[in-house]
Every structure is written in C-alpha cells, then in structure tokens.
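The values are calculated or read from the model by the stated rules, or taken from the named source; none is laboratory data. Since we're looking at a predicted model, the values are computed, not measured. The accessibility values were calculated without ligands, DNA or RNA, using every heavy atom of the protein model including side chains. Shrake-Rupley method; radii C 1.70, N 1.55, O 1.52, S 1.80 Å.
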Amino acid sequence: MKLYTFSAAPNPRRVGLLLKYKGINVDTQEVDLMSKAQFSESFCAINPRSTLPTLVLDDGTVLSDTIAICVYLDAMYPERGLFGSNDVERAQVIGRCHQIFFEGFAAVADVLRNQGDAFKDRPLPGPLPMPQIPQLVERGNLRIGAFVETMNSELTGREFLVGSSLSQADIDLYVVLGFCGWVKRKIPDTCLVLQAWFASMKARFGE
Ligand SMILES: N[C@@H](CCC(=O)N[C@@H](CS)C(=O)NCC(=O)O)C(=O)O
C-alpha cells in the first residue's frame, strides 16, 4: 500500500499522528500542495478529486477520505486501537470525527480559503474552480468560536472525548486546534480545560 500525503496539511496530519501513535511506517510519497502538485496529471490519475491524504491499497483500491483511511489503518494495525473498545465506542469515535470535520475543519477552512489570493478560485479543495465568498470568513470565525467553547465544555471532567483512552477523535480535535492557528485563532482564556487538554496532547505527540 502507498500513502500520498503532504505532512504539514491538517487532514494528512490526522493520518500522520495515527501512524506515529501506532509506531508504524507505510510507503509514503509527499505531494507538494504548495506547488499544486495535487493537480498534476500523474496524481489526478490516482485520485481525480486531487485531495490528500490518499491511500492506495495493494489491490489498487483508492481511499481518499481521511476517516476511511484511518478506519482502514486501524483495522490493519489493531495494536493501540484508536476506534474505541466496543461497537458503541467505535460508532461514537466515528461520529465525533465527523462532527470535528464538519464543525471544526470546515469552519477554519472557510476562514482561510475565502479571502486573499492564495486560494483565489479555490475556496474548496479539488479541481473545480469556485468563487470565494467573503461572508464565509465572518461566519467561519463565529463557528470556530462556538466549536472551541463546545469542545471545552464537553471535555470538562474528561481526559478523552470518547471512553477512557485516546481515540482518533482526540487526534482530530488536536489537529483542528492547531489548524486554528493558521487563521490566527488561539484557544481563548475562557477555555482553560481545552488549553490544558491541548498542552497534554502536545506533550504526548511532541509536535
Ligand atoms: N475529503 C477529504 C478532504 C481532504 C482535504 O481537504 N485535504 C486537503 C489538505 S488538508 C487537500 O487535499 N487540499 C487540496 C487543495 O486544496 O487543492 C478528506 O476527508 O480527507
């Protein structure tokens, strides 16, 4: 199997931290998003959606959604499982990852990509040109504020988002909080629980 990634970008980082936590190495190729290598003919032939991460299995199956890649890798490498300890927790972890993607990642991406020239005509990932919508910057910032407050209250009294051990949901939340820095949003001082949780995740992963 082969992982196409761009380590610094948030969705690839969700997979990168899973691999790090499990201590596994997979054949990896960096696709430089800064030079728009995701639109190259060779990469579009692998994933026409032009997004990272992308995992190509030995039988040629292509997985191009981060959650699908994480679920697959966790099943292939079950040591240090990241999807709960029973069926209910597994469903909860997947639900949380979906929520964090929709409420967190998408909000930060709206702020980042709907202003300035870097993402002109590219407010959404993928090959289809789209207009930027400047109002989404304001709405995205409101969504980030609400998301961070919600995570702060939901982590109060808890070490992890689901169950009693680290899961992919914690990794995803940690990554999205780092992504907030890309749009100059810090965890506010009203969210002390989340600040402490973020610091403990940083100590755990060392990055
Ligand atoms: N549906 C994909 C989306 C992944 C995604 O948006 N990846 C970004 C990097 S964080 C990307 O590939 N962007 C390419 C672009 O902006 O053209 C997933 O869930 O993994």
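Over all projection directions, the Cα-based convex hull of region 1-122 averages an area of 8.1 nm².
In the context of the full set of protein chains, residues of the chain present 52 Å² of accessible surface per residue (probe radius 1.4 Å, heavy atoms only). Highest GNM mean-square fluctuation among 112, 128, 161, for the chain modelled with Cα contacts below 10 Å: 128. Computing Rg and the Kirkwood Rh from the Cα coordinates of the chain gives a ratio, Rg/Rh, of 0.96. Can you bin region 114-178 into rounded, prolate or oblate? Criterion: square roots of the alpha carbon gyration tensor eigenvalues sorted a ≥ b ≥ c, rounded for a/c under 1.5, prolate for a/b above b/c, oblate for the rest. Since a/c reaches 1.5 and a/b is larger than b/c, the shape of region 114-178 is classed as prolate. Over 26 Å, how big is the tail of the calculated P(r) for region 87-205, in percent of all Cα pairs? The proportion of pairs with Cα distances above 26 Å equals 24 percent.
Calculated mean residue ellipticity at 222 nm for the chain: -15000 deg cm²/dmol, from DSSP H runs with n ≥ 4 weighted as -39500 (n - 2.57), summed, divided by the residue count and rounded to 500. Listed by number, the DSSP H helices of the chain that run 27 Å or longer by alpha-carbon position along their axis and have mean Kyte hydropathy of at least -0.5 are 135-154.
With all pairs of separate Cα atoms included, region 75-121 yields a Kirkwood hydrodynamic radius of 13.0 Å.
Lysine pair count for the chain with Cα-Cα distance under 24 Å and sequence separation of 8 or more or different chains is 10.
In the chain, the DSSP beta bridges split such that about 55 percent are antiparallel, to the nearest 5.
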